[in-house]
1. Given region 70-228, report the % of alpha carbon pairs whose separation exceeds 22 Å.
2. Using each residue's phi in region 149-159, evaluate 6.51 cos²θ - 1.76 cosθ + 1.60 at θ = phi - 60° and report the 3J(HN,Hα) Karplus result to the nearest Hz, with x for Gly and Pro.
3. Mind putting a number on the dipole of the chain about its Cα centre? Charges go on the C-beta only, +1 for Lys and Arg and -1 for Asp and Glu, and I need it in Debye to the nearest 20.
4. Hey, what did region 121-211 get for relative contact order, percent, Cα under 8 Å, at least 6 apart?
5. For region 196-232 and region 116-135, compute the distance between their C-alpha centroids and round to whole Å.
6. From Cα coordinates alone, what are the radius of gyration and Dmax values for region 90-158 in angstrom?
7. If each of A50 and E110 carries a label point 7 Å out from its Cα toward its Cβ, how far apart are those two points in nm?
8. If you average over every viewing direction, what projected area does the convex hull of the Cα atoms of region 153-212 give, in nm²?
Amino acid sequence: MALDMYRLARLWLVLGVLGLGTLGAAAAWTHDRYGSTRDRTAGLAQARQALSGDLAALGLRLGAPVFIRIFKQSRELEVWLRNGADGAWELFRTYPICSHSGDLGPKLREGDRQSPEGLYEVRRDQLHPTSRFHLALNLGYPNAFDRANGRSGSYLMVHGNCVSIGCYAMTDSGIEEIYALAEAALDNGQTAVRVHAFPARLDTAWLTARNASPWIGFWRDLGACYEKFETAGVVPAVRIEHRRYVCR
């Protein structure tokens with residue numbers, strides 16, 4: 001019975017995220033859990049206007065390439081933009097994650113109520129502008145790594161509305177900015193927005209403290225990718241070898 005109730009709840013969330021529920025498809029309005037009503041069209045327009053000014057003040061622009069990092073433990077989502085002057089990645093803003101599901105560790109199967117960890121890509125057709133949960137970016141789980149390791153699940157998103165059964169849920173105002181930045185980058189020629197979802201900031205101390213975890217091998221592989229960006233400022237090229245992430 002509990003699993004059946006979970007599946008019903010998950011179906012409702014999936015339909016809402018994709019904008020297929022009757023309320024989600026009917027209008028551009030969404031209702032968040034705190035009682036305010038938001039018009040996503042107006043919200044996006046306001047976000048774009050505010051972002052243009054904020055970005056210009058930093059020497060950045062709307063439409064520049066975007067890179068996203070998620071840190072599950074601290075509930076943070078970073079948005080980085082590439083500076084057109086020298087091509088360096090610059091941290092634009094860190095957003096609080098309103099809600100996520102499960103514990104530290106990867107998602108393994110449909111119904112485990114676990115938010116994923118891994119290295120993902122969001123392409124243009126993975127943006128959902130009519131989600132019941134305001135706006136959504138589909139992470140593309142399961143990706144090639146997840147499939148190689150027999151993992152299952154679907155419609156794992158970064159979305160608004162502060163509600164999660166496996167997704168990373170943001171505030172509506174937060175997802176408006178994240179969505180607007182990703183959409184502009186993709187419309188301006190970026191093939192895919194990389195999204196690296198980590199359990200935490202994978203420095204040596206954090207990994208050493210969790211050496212007995214069953215996920216330590218997986219986390220060390222992710223840590224090599226994390227360190228590549230931290231030390232070289234380069235978003236690493238990702239390959240799957242022998243069912244493991246390898247970053248160059």
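1. Within region 70-228, distances greater than 22 Å cover 41 percent of Cα pairs.
2. 9, x, 8, 10, x, 7, 6, 8, 10, 9, 9
3. Computed about the Cα centre, the dipole is about 540 debye.
4. 27
5. If you average the Cα positions of each part, the centres end up 24 Å apart.
6. For region 90-158, the Cα radius of gyration and maximum Cα-Cα distance read 12.9, 36 Å.
7. Here the answer is 3.8 nm between the modelled labels.
8. Computed as one quarter of the Cα hull surface, the answer is 6.3 nm².
Coordinate-derived values only; no laboratory data. Quick caveat: nothing in here was measured; it's all calculated off a predicted structure. As a convention, Cβ positions derive from the backbone with ideal geometry for all residues, glycine included, and neighbour counts pool all protein chains shown.
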